[in-house]
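Shown next, in structure tokens, is the structure this report addresses.
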Amino acid sequence: MKNISPILTVKNLSVVFPDNNGGLCALDDISFEVCPRDFICFLGPSGSGKTTLLRSIAGLLKPSSGRVDFLDGHQPGIGMVFQQANLMPWRTVMDNIKLPLELEGMDESAARIKAQEMIELVGLGGFEESWPRELSGGMAQRVGIARALVHDPDLLLLDEPFASLDAITRERMWDELSYIWQVKKKTVIMVTHSINESLFLADRVFVLTQRPGRIKQEVKVNLPRPRNDDIRYTPRFGKLAHKLRETIE
């Protein structure tokens, strides 16, 4: 079998934020690789440096030490989805989604066609001219995901995008995201504090310690795809969940 080169290699990454006590170490000696089409989850408690890690990968934060290397030395196109959808309230669903294309200078007609493709993909057909205030939390996050995907990024970064949703909506969004990942064939790195969420979505789960965040364990999720809600009630899922819970505790 032909070896696949990683799209991303993180090596000995550490991030220290300056303060009056010698610096606050958020991440310490993080190393991992991600191959094309991987779905990776980082699981850890609040304060374990999950968001800091994503910001470092995205180039929004310079590491204190260590490296973030991309294939061929060039940063790929990156899409990012945050905990809150952060939609512009004065723009419709369509206009929010096509914003990245406008910033790239794409022709208006072509931008609308691509945005409409994303709208259909995330199940928001018929809501093109709706305003953010008219959307539920789950619908708003679908808009956020569509906006992150509309410029066809190589790497999608997800910062606990469903944390603010109620349990039922959150579980529905797991199905939506799993479907989108399979259709678009993107490489995804997601951070979460939900064991079930990480197991339902990921190929591999990295467990982070409390601050400073270190990789405590990597768990391969050997569950068949596509996954549906029933898989959460299987013995194999339960065994993996128990393993992750023990690692965190």
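The numbers here are math on the coordinates, done by the rules we state, and not lab data. Everything numeric in this text was worked out from a predicted model, so none of it was measured. For neighbour counting, all protein chains shown are included, and Cβ atoms are generated from backbone atoms with ideal geometry for every residue, glycine included.
Tabulated data
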read-out	value
Helix 167-184 vs. the chain, principal-axis angle (Cα, 0 to 90°, nearest 10)	80 degrees
Between 0 and 90°, nearest 10: helix 108-121 axis offset from the chain longest Cα axis	60 degrees
Surrounding net charge for GLN217, when Lys and Arg each add one and Asp and Glu each subtract one, Cβ distance under 13 Å	+3
Entries in LYS114/LYS216; LYS98/LYS186; LYS50/LYS184; LYS114/LYS239 that, when Cα-Cα distance is taken, lie over 31 Å	LYS114/LYS216; LYS114/LYS239
Simple spin-label estimate for THR9 and GLU246 in nanometres, 7 Å along Cα-Cβ	3.3 nm
Choice from ASP28, ASP69, ASP229 with maximal GNM fluctuation in the chain (Cα, 10 Å cutoff)	ASP229
Computed E for SER109/MET88 - FRET, C-beta separation, R0 30 angstrom, nearest 0.05	0.90
Candidates MET190, MET106, MET139, ranked by Gaussian network fluctuation over the chain, Cα under 10 Å, top entry	MET106
Dipole in debye (nearest 20) - the chain, about Cα centre, beta carbon charges: Lys, Arg +1; Asp, Glu -1	800 debye
Surrounding net charge for TYR179, when Lys and Arg each add one and Asp and Glu each subtract one, Cβ distance under 14 Å	+2
Protection proxy ranking of 42-49, 218-225 - average other beta-carbon atoms within 10 Å, highest first	42-49, 218-225
On Cα atoms only, tilt of 235-248 relative to the major axis of the chain in degrees	60 degrees
